[in-house]
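Here the structure is laid out as structure tokens; the discussion comes afterwards.
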Amino acid sequence: MTISAQTRLAAVIGWPVRHSMSPELHNAAFAELGFDAVYVALPVPEGAAAQAVQAMRAFDWLGFSVTMPHKAMIIDSCDDLTDTARALGAVNCVFRDGDQIIGDNTDGSGFVAGVEHDFSVSIDAMNVVVVGAGGAARAAARALTQAGAGDVAIINRSADRAAKAIAAAGGAARIGHRSDLGSADLVVNATPLGMGDTAYSSSVPFDPSVLPDHAIVADLIYHPLETPLLAEARVRGLRAQNGVSMLVFQAAAQFERWTGRDAPVETMIGAARAVIG
Ligand code: NAP
């Protein structure tokens, strides 16, 4: 593609950020639609999110993806927040609405869209267990309740963070117990247990043998692509997905905020697979 005076700019801001796969996903999507824009990774140190937002305003950027350590600190620099970003206290995307810079969070809706896409199911009326209560779990729990899940039970190591996740979900989720796994339609691992290159790389967050045969297991981890939990779920014959799906669909929602166009999701999935190999 030719970069011209018409070309618009988008970026991911974070620290560190050079490992991000977002440039490949968004640039593949821009190319697929012939949308004249380029997406780059900008290393922005902790405490400098406000300057990044000023630059976005001054240089007329399309928008930013926002990753650690800026997700909470960028809130004060936005002109307004979506209800989701406000409830979660975290922004993963900023976009323009006229002269306003709006902070949004697409992690939860991206997770739900990924499950519905990958398994051709509706979250509506599902019994869901979320294991973990950090930022990703909160986003997922809120989106699951908004998508009409019948029950969202949160199992977490520390009770106070589980309570915060329930509050972020507008009170529509509840504290879960291991016994809830026996009647779950969907179980989400939102802990780092099973993540590669960590002390927990061979750990599983729960035993999938207790799940019903029809249950779906969603692991938010994408390094490795098959965690020990997903390997056990596969041996049991359960439907399962890794975190690539959430990664792609949260990016697709950001792309749509910036461009006003439907994201070419299959192209973005292909780009993610190509990067991960
Ligand atoms: P976080 O805010 O640090 O939360 C981590 C959660 O895991 C907390 O609830 C924590 O429990 C729990 N946990 C940590 N170590 C544990 C252990 N040894 N035993 C039991 N529970 C433990 O992290 P996050 O940002 O939510 O991320 C969670 C996972 O989602 C990570 O694997 C991350 O890579 C993944 N993720 C994926 C995507 C995607 O696009 N696919 C996006 C975001 C995150 P306490 O509350 O008790 O500390």
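The values are calculated or read from the model by the stated rules, or taken from the named source; none is laboratory data. Since this is a predicted model, take the numbers as computed values, not measurements. Note that each Cβ is placed from the backbone with ideal geometry, even for glycine, and that neighbours are counted across all protein chains shown. Ligands, DNA and RNA are stripped out before the accessible areas are found, and what is left, the full protein with its side chains, is counted by its heavy atoms. Shrake-Rupley method; radii C 1.70, N 1.55, O 1.52, S 1.80 Å.
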Please work out the Cα center distance from the stretch 196-246 to the stretch 43-68, rounded to the nearest Å.
35
Between helix 244-259 and the chain: long-axis angle, C-alpha atoms, 0 to 90°, nearest 10
30
What is the helix-to-structure angle for 159-168, meaning the angle in degrees between its Cα long axis and the longest Cα principal axis of the chain, kept from 0 to 90 and rounded to the nearest 10?
50
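In whole Å and largest first, what semi-axes does the C-alpha gyration tensor of the stretch 163-216 yield when each eigenvalue is scaled by 5 and square-rooted? Write down the numbers at each step before the final one.
Values: eigenvalues 96, 65, 15 Å².
Taking √(5λ) for each Cα gyration eigenvalue gives 22, 18, 9 Å.
Report the local net charge at residue 265: Lys and Arg +1, Asp and Glu -1, summed over other residues whose C-beta lies under 13 Å from its C-beta. It would help to have the intermediate numbers written out before the result.
Working: positive: 261, 273; negative: 32, 116, 118, 256, 262, 266.
So the environment of residue 265 carries a net charge of -4.
Report the gain in length on full extension from residue 97 to residue 275: 0.36 nm times residue separation, minus Cα-Cα distance, nm rounded to one decimal.
Numbers: separation 178, 0.36 × 178 = 64.08 nm, distance 3.18 nm.
Full extension from residue 97 to residue 275 adds 60.9 nm.
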Shape call for the stretch 120-187, from the Cα gyration tensor axes a ≥ b ≥ c (a/c under 1.5 means rounded, otherwise prolate when a/b beats b/c, else oblate), comes out oblate
So what is the 222 nm mean residue ellipticity for the chain from helices alone, if each DSSP H run of at least 4 adds -39500 (n - 2.57) and you divide by all residues, rounding to the nearest 500 deg cm²/dmol?
-11000 deg cm²/dmol
Under 20 Å by backbone N from the virtual spin label 7 Å along Cα-to-Cβ at residue 177, the residues of the stretch 120-138 are 127-133
Hey, if we sort 59, 249 by accessible area with the 1.4 Å probe, largest down, what's the order?
59, 249
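Carbon and sulfur atoms: what percent of the 1.4 Å accessible area of the stretch 1-116 do they account for? Please report the intermediate quantities before stating the final value.
Numbers: 2790 of 5260 Å².
Reported share for carbon and sulfur atoms: 53 percent.
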Accessible surface of the stretch 121-244 [probe 1.4 Å, protein heavy atoms]: carbon and sulfur percent
53
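Taking the Cα centre of the stretch 1-121 as origin and charging only Cβ (+1 Lys, Arg; -1 Asp, Glu), how large is the dipole, in debye to the nearest 20? Could the numbers behind the result be given before it?
Values: 6 positive and 15 negative charges, 72 e Å.
That gives the stretch 1-121 a dipole magnitude of about 340 debye.
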Log entry: pair-distance distribution for the stretch 166-267, C-alpha pairs binned every 5 Å from zero, whole % per bin is 2, 12, 18, 18, 17, 16, 10, 5, 1
Taking only protein heavy atoms and a 1.4 Å probe, what accessible area per residue, in Å², does the chain have with all protein chains in place?
44
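By how many nm would the segment from residue 60 to residue 262 lengthen if fully extended, with 0.36 nm per residue of separation less the alpha-carbon distance?
On the way: separation 202, 0.36 × 202 = 72.72 nm, distance 2.17 nm.
Computed gain between residue 60 and residue 262 is 70.5 nm.
Let me know the longest stretch in the chain that avoids all trypsin sites (Lys or Arg not before Pro) found in a DSSP loop with at most 16 other C-beta atoms within 10 Å. Kindly include the intermediate steps, with their values, before the conclusion.
Details: sites that count: 18, 157, 261.
Looking at the chain, 19-156 is the longest stretch - no exposed trypsin sites (Lys or Arg not before Pro) with at most 16 other Cβ atoms within 10 Å.
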Angle between the Cα long axis of helix 22-33 and the longest principal axis of the chain, 0 to 90 degrees, nearest 10?
70
If a/c stays under 1.5 just call it rounded; otherwise compare a/b with b/c (prolate if a/b is bigger, oblate if not). Do that for the stretch 1-82, with a ≥ b ≥ c from the square roots of the Cα gyration tensor eigenvalues.
prolate
Could you sort 117, 26 by accessible area so the largest value comes first, with the probe set to 1.4 Å?
117, 26
Across 196, 132, 237, the residue with the highest GNM fluctuation in the chain (Cα network, 10 Å cutoff) is 237
For the pair residue 203 and residue 3, what calculated FRET efficiency results from E = 1/(1 + (r/R0)^6), where r is the Cβ-Cβ distance and R0 = 51 Å, to the nearest 0.05?
0.65
Cα Rg, Dmax, the stretch 13-151, angstrom units:
16.1, 47
Could you quote the convex hull projected area for the chain, Cα atoms only and averaged over all directions, in nm²?
14.2
